[in-house]
Amino acid sequence: MIAGIRKQFDRYVWGDGLTRHGPPGRLVAGVLRNLYAVTRDIASGQLNLRAMSLVYTTLLSVVPLIAVSFSALKAFGVHEEIEPHLYGFLEPLGPKGIEITDYIMNLVNNVNSNVLGGIGFIFFIYTAISMVQKTEDSFNYVWYVSKARSFSTRLVEYSTVLIVGAIAVGLSVKALVEFSKEKLVVEMQENVVLAPVFTLTDRLMPYLITIGIFTFLYKFMPNTRVKLRSAIVGGIAGGFLWATTATIFASLLATSSNRQAIYASLAVAISALIWLYLNWIILLIGSQIAFYFQNPAYLRVGRREPRLSNEMRERIALNIMYLVGKEHRNPVHGVDLRRIGRTLRIPTITLAPIALGLEANGLLTTNEKEQLLPGREMSRIKLRDILSVVRRDGETGSHKTPRWDDAVDALGKSIDASVSGALADHTLSQLLDEKESS
């Protein structure tokens, strides 16, 4: 019976059981595919672990994070417009949420660099930046990015997110508040026909701001190129899920009497931790949906570890070096793993471990634009060195040297000698020359 259900599920979700019914069928199939993929990713446990790690980081970073952002907002006089949205973030916790926000804001307002001292202030800033770094690392995991930004790039971009981003949001909110006070707008709000529209807009504004923030994070935080359309889809999904979860969580909190009886004074702290966890898991789920929208080929396979034959690994290594060398000789757009993946029709997740091995052995390097370049002069890159990366390097082995049978050991050495003889001292440069002359 289970096999039959799975077969029907595959036919309707992954086959043409739904898609053949036109746009509505394709929409339903897309929703079911994303639901399946996200459920599978949550069940694997990695998203949960990262969300819990971010909760712990939040507890350490919330005051420094808000303080750094508000110090910039105060300079522009827009901090008062942002403050109500911080109260709205913990609104699902009820009256205690307001108390927690008041406590945090009091701490932020009392922060004084003279009191903290030099080392304390540096640690204070580091704690704020570590929050953004943890978020980027989680997004990089979702987007299959194995290499983080450099330290200098992180410092500049994190400062932009913490200061310029906060100022941009503050100025936008202040502009909306000032716009709502205009005489014409006030008259339109009092109009019988237009009043319901303004009422609906006021109710939707917090969700629109949330969607905008989510979209910004999905677009700029991962260390890869995220299409704006993908970021918007993830932002809408994450914002809708956040709004729905906030309503449900607030209702459960209001109707739960056992929580106070069991946990007593710890009930509010536990509720706050759960709410923080839900916010982070929702943020990661939205990022996961944005990733799948941009890379639908991963919907079914997910993070399944690619299994490659030795022949396939050797050909991939040679192809990576060949395409990098070809682009290096006649540069056009630059080449990275995504472009190589599209050329070879192989997912990036399959190419990444081999590329990292080539880079670790000095055969590849990357520039500031994350483009791949030969690690040294191509006339000094021997083809047998490229094959050695996938044939010999990276094995863990055991604590003792294996005891091969003499006949097998001799055969292995004969195979290695044959491979070396076939390649001789051929270099990557010669391989490119042969292709150009043919």
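Around the Cα centre of the stretch 2-42, unit charges on the Cβ atoms of Lys, Arg, Asp and Glu (plus for the first two, minus for the last two) sum to a dipole of about 80 debye.
Length available on full extension from PHE240 to SER437: 0.36 nm per residue minus the Cα-Cα distance, which gives 65.1 nm.
Listed values for the stretch 132-141 are Karplus-derived 3J(HN,Hα) couplings in whole Hz (6.51 cos²θ - 1.76 cosθ + 1.60, θ = phi - 60°), namely 5, 5, 4, 5, 4, 4, 5, 5, 4, 4, and x replaces Gly and Pro.
Sparse packing (at most 11 other Cβ atoms within 10 Å of the Cβ) combined with a DSSP loop state is found for the following trypsin sites (Lys or Arg not before Pro) in the stretch 290-349: ARG304, ARG307, ARG345.
Label-to-label distance for GLU359 and ASN295 is 1.4 nm, based on points extended 7 Å past Cα in the beta-carbon direction. Using the Karplus relation 6.51 cos²θ - 1.76 cosθ + 1.60 with θ = phi - 60°, the per-residue 3J(HN,Hα) values for the stretch 276-293 come to 4, 4, 4, 5, 6, 5, 5, 4, 6, 5, x, 5, 5, 5, 4, 5, 5, 5 Hz, with x marking Gly and Pro.
Net charge within 14 Å of GLU368 by Cβ-Cβ distance, Lys/Arg positive one each and Asp/Glu negative one each, not counting GLU368 itself? It works out to a net charge of +1.
With only Lys, Arg, Asp and Glu charged, each at its Cβ (+1 for the first two, -1 for the last two), find how big the charge dipole of the stretch 280-402 is about the Cα centre; round to the nearest 20 debye. Dipole about the Cα centre, nearest 20: 340 debye.
Among residues other than TRP14 with Cβ under 10 Å from its Cβ, the summed charge is +1 (Lys and Arg +1, Asp and Glu -1).
Between the amide H of LEU372 and those of VAL335, ASP336, distances stay under 5 Å, these residues lying 5 or more places away or on another chain, with hydrogens modeled in the peptide plane.
Where a number appears in this text, it was derived from the coordinates with a stated rule and is not lab data. Keep in mind that what you see is a predicted model, and the values were worked out from it rather than measured. Every residue, glycine as well, gets a Cβ built from its backbone with ideal geometry; the counts of neighbours run over all protein chains shown.
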